[in-house]
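**Q** First the structure, then my questions, so here it is.
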Amino acid sequence: MFQIFEKLNKLIVEWLQKPIKEYENRSPFNLRDLESVMQPGDILLVDGNQRVSSAIKYLTQSTWSHAAFYLGKNNKFSQKFGTDAILIESDLKDGVITVPLSKYEKFNTRICRPAGLSDLEKEKVIEFMIDSIGLDYDRKNIIDLMRYLLPQPPVPIRFRRRMLALGSGTPSKVICSTLIAKAFQSISYPILPVIQKEKKLKEVSYRGVKHSQYIEKEYYHIRHYSLFVPRDFDLSPFFSTIKPTIEKGFNYKELPIRGFE
């Protein structure tokens, strides 16, 4: 029975990884553009072209179906992973692996960068990602994969994020955005917390007279890492969006623009 399930799992994975014909690349960034601005610790969001990508984009109501972690190029990791610009990602078939940045040169992408990390904190996040290489993708059973079989599964909006969080839940089973979220949460870096406002009664003194007043304070409740999806890094107020065109020094007056014809 186990062998039957394994074979069926393999067939579903192969079907889900087939590219769709309608994919359109609207990104003007080439590989050199991406390499010139990306830094280790950046997150590359990808508008994927596989069948599974369509289901993820529908469930998350987002353009982004995949997230990968940038390890860098020509640095201390080059001896182990090669001299190309390297990403760490979780693949449906192969689990957590390293791939060249050039893999996504022809895709619509977005670069998200955490703010205010010290060198030590960034090193800890990178080490977490490197230690995760070799783990399996979360495809323990057929139900985990069947959620992606329909490009637009009939699931109410409020349940779609929870549907993506389905899985075995074991430490050795990860999906792309979940792994990256867990890496940043390992140093208590927020991604997209739930903000709750509470009013506290505080006693203050003015000219010797004591007064009571309510002080509003915000509390950040950290979501479980399994609930994060690729678009959360784009929406997060704690990650900046990096665009190569602007970083290189954009001047709209130099563009050869024509009027409507």
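None of the figures in this text is laboratory data; all of them are computed from the coordinates on show. Note that the structure is predicted; figures quoted are calculated from it, not measured. Note that each Cβ is placed from the backbone with ideal geometry, even for glycine, and that neighbours are counted across all protein chains shown.
**Q** So, in the range 1-116, how many Lys pairs have Cα atoms under 15 Å apart, if the pair is 8 or more places apart or on different chains?
**A** 6
**Q** On to the next question. Alpha carbons only, please: Rg and Dmax for the range 3-125, in angstrom.
**A** Just the Cα atoms of the range 3-125 yield Rg and Dmax of 16.0, 50 Å.
**Q** For the peptides 178-188, 75-85, 125-135, what is the packing order when you average, over each peptide's residues, the other Cβ atoms within 10 Å and list the highest mean first?
**A** In descending order of packing, they fall as 178-188, 125-135, 75-85.
**Q** Give the peptides 63-71, 112-120 in descending order of average Cβ contacts within 10 Å, highest first.
**A** 63-71, 112-120
**Q** For the range 52-82, list residues with backbone N below 14 Å from a point placed 7 Å from the Cα of K93 toward its Cβ?
**A** Residues 52 qualify, since their backbone N sits under 14 Å from the label point.
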